[in-house]
């Protein structure tokens with residue numbers, strides 16, 4: 001793919017903590033894509049504009065201003081410009097709360113999408129509100145639960161085009177800490193592919209007594225020491241215990257309600273397995289990037305309209 | 001304190017992963033104490049004897065052999081000499097399973113105490129079996145539960161002079177990872193003293209839905225971002241959520257059964273608070289070092305007798 005600047009109607013940007021990803025768009029159609037490891041976490045305020053220009057410069061031409069619509073951590077307090085949270089319940093996108101950022105380069109007109117927050121239980125999201133808007137654009141009238149597995153998994157309840165509420169689980173981050181930095185790293189070794197049988201067993205175990213998580217985890221170490229557990233099984237146990245606990249805690253959100261998983265296929269596959277093991281119907285899966293793009297396009301329409 | 005070599009009948013040693021602690025003993029009486037940061041984790045096999053001599057050398061004299069009784073990670077596979085696990089149920093000390101280590105220096109005669117294991121749920125301990133033997137020496141006939149809070153908290157069920165079973169919770173290690181290395185470190189800041197009110201609230205919250213741990217944790221971060229939580233409260237919340245979950249999972253082990261806490265006073269205080277908040281009677285507290293010494297003395301008597 002290679003977009004001629006004349007064909008680029010607008011630019012979609014997903015700007016997270018570690019990566020900046022951009023798409024040259026014509027309506028809902030992707031003309032070109034570009035990505036840089038220039039996440040918000042590594043940038044000072046004055047470095048955002050140069051980072052964006054480095055990524056999308058090839059799609060710009062002199063004398064013409066292209067709208068750029070960005071979601072994600074770029075709108076955090078430590079980002080380019082703070083785009084305050086919209087409180088739940090609310091539609092996922094509220095154009096009145098988007099933030100326009102002034103740029104030195106007049107070829108771009110940058111708008112940053114707000115995040116969402118919830119007061120009780122306290123919770124926040126940035127970027128996922130755009131994916132939820134994308135889900136509602138792809139599945140108009142969707143009413144049910146959306147689960148977005150990841151470093152910080154989100155579970156959002158949707159209905160009447162609104163986000164009723166949501167909860168975030170630090171499951172992915174805890175998994176990384178435990179498997180890479182805790183005593184359990186010795187049992188995991190250099191395993192990278194979790195064992196499917198051990199994953200299923202751990203999901204069931206964790207769901208039977210979720211409060212004993214810290215004990216199930218140590219038991220994984222003990223099984224390693226007593227010589228009855230292979231590294232791929234240890235890795236799968238840590239993952240299964242944590243995912244099982246999360247899925248089990250959210251039972252009310254998926255039992256007899258439509259559930260859609262939004263995320264990377266491999267991770268969604270793990271969640272789908274845990275869900276069906278615990279009695280859910282097989283959930284629908286939607287690719288995360290597809291939702292992000294649909295959500296950014298919806299934001300673009302709100303701006304244009 | 002300063003022990004004359006002639007008065008030292010034997011030497012008690014608690015040799016963990018990070019520290020080596022030794023006591024010059026006459027019967028059950030402590031004549032002198034010595035400690036070095038020469039834990040098993042930092043030593044190659046041939047470095048154990050020099051580390052011990054550096055620590056206890058002042059208590060030795062030529063022409064006389066002093067018995068040294070050691071417990072802890074020194075007996076692990078990566079330690080000085082492997083002292084295999086004794087399976088539960090069992091008395092906490094089994095002299096037939098102690099391991100004699102040959103030394104070049106003939107002034108010491110070193111014995112290492114075995115660890116304990118359990119097959120289902122898989123679990124292991126090293127050092128705590130000696131503290132449990134100490135508890136039984138200090139409280140003959142004790143029947144109930146002993147909780148040893150720490151990096152890896154142990155809960156052991158005792159009766160008829162035996163350890164019936166036990167479970168280990170990685171609570172302390174998970175607390176350290178979350179408060180120092182996860183995204184929650186931003187909410188904790190440089191707080192070191194947890195807020196008491198926030199601790200109590202988090203214990204109750206966690207006990208109400210232990211499976212939602214990863215969500216309660218993220219909610220702590222969100223409260224920080226939304227500006228409603230001070231660092232000392234964030235620290236207390238992480239601690240309260242984890243300790244609450246552990247105490248709640250072990251309810252069957254303390255409800256209407258005698259419970260004793262063995263450990264450092266501050267940490268035991270936290271556990272005692274969580275226990276009483278969740279409906280336990282105030283537990284008895286015994287200092288960890290007192291139990292270790294009583295247990296090593298019991299091991300010494302088994303060897304001598």
- [ ] Sort out which residues of the range A:173-186 are assigned to a helix (DSSP H, G or I), touching a residue at least 40 places away in the same chain (Cβ under 8 Å) and either facing chain B (nearest Cβ under 9 Å) or crowded, with 23+ Cβ neighbours inside 10 Å (or both), and write them in order of number.
- [x] A:174, A:178
TODO: Identify all residues within the range A:78-120 that are surrounded by 18 or more Cβ atoms within 10 Å (Cβ to Cβ) and modelled with pLDDT under 95; write none if there are none.
DONE: none
TODO: Scan the range A:242-258 for residues that are away from chain B (no Cβ under 11 Å) and crowded, with 24+ Cβ neighbours inside 10 Å and jot them down.
DONE: none
Open item on the list: Among the residues of the range B:55-63, are any on the phi < 0 side of the Ramachandran plot and under 24 Å from the mean Cα position of the chain (by Cα)?
Closed with: yes
Task: Counted residues, the range A:135-144 - those being part of a helix (DSSP H, G or I) and touching a strand residue (DSSP E or B) at 6+ places or on another chain (Cβ under 8 Å) - done: 3
Open item on the list: Suppose we keep only residues that are farther than 28 Å from residue B:9 by Cα and in contact with a helix residue (DSSP H, G or I) (Cβ under 9 Å, 6 or more places away or on another chain) within the range B:91-119. Which one would you say is nearest to the other protein chains (Cβ to nearest Cβ)?
Closed with: B:117
TODO: Report yes if some residue within the range A:214-226 is assigned to a helix (DSSP H, G or I), more than 7 Å from chain B (Cβ to nearest Cβ) and closer than 20 Å to residue B:248 by Cβ; otherwise report no.
DONE: yes
Task: Answer from B:33, B:12 - the residue that is under 21 Å from the mean Cα position of the chain (by Cα), over 22 Å from residue B:106 (Cβ atoms) and either part of a strand (DSSP E or B) or not assigned by TED's automatic domain parsing to the domain that holds residue B:75 (or both) - done: B:33
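Here's the yes/no breakdown for (1) within 28 Å of residue B:287 (Cα to Cα); (2) surrounded by fewer than 19 Cβ atoms within 10 Å (Cβ to Cβ); (3) touching a helix residue (DSSP H, G or I) at 6+ places or on another chain (Cβ under 6 Å); (4) more than 13 Å from chain A (Cβ to nearest Cβ):
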site: B:194; (1), (2), (3), (4): yes, no, yes, yes
site: B:197; (1), (2), (3), (4): yes, yes, no, yes
site: B:209; (1), (2), (3), (4): no, yes, no, no
site: B:228; (1), (2), (3), (4): no, yes, no, no
site: B:261; (1), (2), (3), (4): yes, no, yes, yes
TODO: Determine whether the range A:145-162 contains at least one residue that is part of a helix (DSSP H, G or I), in contact with a helix residue (DSSP H, G or I) (Cβ under 8 Å, 6 or more places away or on another chain) and within 14 Å of chain B (Cβ to nearest Cβ).
DONE: no
TODO: State whether the residues of the range B:124-134 include one that is assigned to a loop (DSSP other than H, G, I, E, B) and either surrounded by fewer than 17 Cβ atoms within 10 Å (Cβ to Cβ) or within 14 Å of another protein chain (Cβ to nearest Cβ) (or both).
DONE: yes
- [ ] Can you confirm whether the range A:265-276 contains a residue that is within 11 Å of chain B (Cβ to nearest Cβ) and assigned to a helix (DSSP H, G or I)?
- [x] no
Task: Subset tally (residues that are within 11 Å of chain A (Cβ to nearest Cβ) and over 24 Å from residue A:241 (Cβ atoms)) for the range B:230-241 - done: 0
Open item on the list: Checking the structure you have, find out if any residue of the range A:65-77 is surrounded by fewer than 17 Cβ atoms within 10 Å (Cβ to Cβ), without any contact (Cβ under 8 Å) to a residue 12 or more places away in the chain and assigned to a helix (DSSP H, G or I).
Closed with: no
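Applying the selection to the range A:26-37, what residues are in contact (Cβ under 8 Å) with a residue 12 or more places away in the chain and farther than 14 Å from residue A:55 by Cα? Steps first, answer last, please.
Restricting attention to the range A:26-37, the residues satisfying the condition of being in contact (Cβ under 8 Å) with a residue 12 or more places away in the chain are A:26-28, A:30-37.
A:26, A:27, A:28, A:30, A:31, listed by residue number.
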- [ ] Look at residue A:168 and say whether it is facing chain B (nearest Cβ under 8 Å) and assigned to a strand (DSSP E or B).
- [x] yes
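The values are calculated or read from the model by the stated rules, or taken from the named source; none is laboratory data. Computed from a predicted model, the values in this text were never measured in an experiment. So basically every Cβ, Gly included, is an ideal-geometry build from the backbone, and we count neighbours across all protein chains shown.
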